[in-house]
Amino acid sequence: MTPPSAHDDAATVPELSALLRHHGLRRTPSRLCTLRLLCASGEHLSSAEVCAELRQLGLPFDQATVYRTLETLTEVGLAHAVHGPGLKRYGVSSEPHHHTVCEECGRVRDLAIDHVREAMERITELTGLRAGTSGSLLLYGRCARCSE
C-alpha cells in the first residue's frame, strides 16, 4: 500500500486506518487526524502548522504529540520530511518527486520528476551528481511571492 496522494481529501478513516495497520502502526487519533490533514492540505507543513490546523478543527493535540506523530509517519514512509531553511516540513505523496524550497519564506512545493528529467540527466553528465537515496532533490531559490 502506498501513501495517499496530496489533495486526497476523499481519503476515508477506514482507508487511512488500513494504511496505518499495513505499515505496522496502531490507529490512534493523532495519526489518523494528522495523516488526513496532510492528505487534504496538499502542502508541506511544519509540525507547528499541523498542530495549529488541528486545533482549529477542534482537535487539541499538543505540539510534542504532533511532532512525534509526523516523525513516526515519516519513518514508515507514509509521509516525507523536507529540510530547508527554517522549519522542517512534512508532506505526503504517492508519486516520486523533487522539491523546490523558498529560501526566504520556507515554502516547499512538489516538482514532478518528469518536469526535470532532462535537466537531471545533464547535471549527472556534467558533475556525476545523482539524486540521493530518497530519490528527491531540493532546489532552492525564491518563490513567486517572495520575488515580487
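The values are calculated or read from the model by the stated rules, or taken from the named source; none is laboratory data. Being a predicted model, the structure only gives us computed values, none of them experimental. Cβ coordinates were reconstructed from backbone atoms using ideal geometry, including for glycine residues, and neighbour counts include every protein chain displayed. Accessible surface is based on the protein model in full, side chains and every heavy atom, while ligands, DNA and RNA are left aside. Shrake-Rupley method; radii C 1.70, N 1.55, O 1.52, S 1.80 Å.
Below, the figures for the structure above:
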item: Trypsin sites (Lys or Arg not before Pro) restricted to the stretch 66-147 and DSSP loop, no more than 15 other C-beta within 10 Å; result: R130, R142
item: Surface per residue (accessible, 1.4 Å probe) for the stretch 19-148, Å²; result: 58 Å²
item: Candidates G42, G24, G106, ranked by Gaussian network fluctuation over the chain, Cα under 10 Å, top entry; result: G24
item: Hydrodynamic radius by Kirkwood, which averages 1/r over all alpha carbon pairs of the chain, in angstrom; result: 16.2 Å
item: R0 of 22 Å, Cβ-Cβ distance C105-A64: FRET efficiency to nearest 0.05; result: 0.30
item: Selected from V76, V101, V66 as most flexible by GNM, with the chain as the system and alpha-carbon contacts under 10 Å; result: V76
item: The stretch 1-101, relative contact order in percent, only Cα pairs under 8 angstrom and at least six apart counted; result: 34 percent
item: For the stretch 63-148, share of DSSP beta bridges that run antiparallel, in % to the nearest 5; result: 65 percent
item: The stretch 58-148: relative contact order as a whole-number percent, Cα under 8 Å and 6+ apart; result: 24 percent
item: Choice from H80, H44, H23 with maximal GNM fluctuation in the chain (Cα, 10 Å cutoff); result: H23
item: Other-chain or far-sequence residues with amide H under 5 Å of A79's (modelled H); result: T74
item: Antiparallel content of DSSP bridges confined to the chain, in %, to 5; result: 70 percent
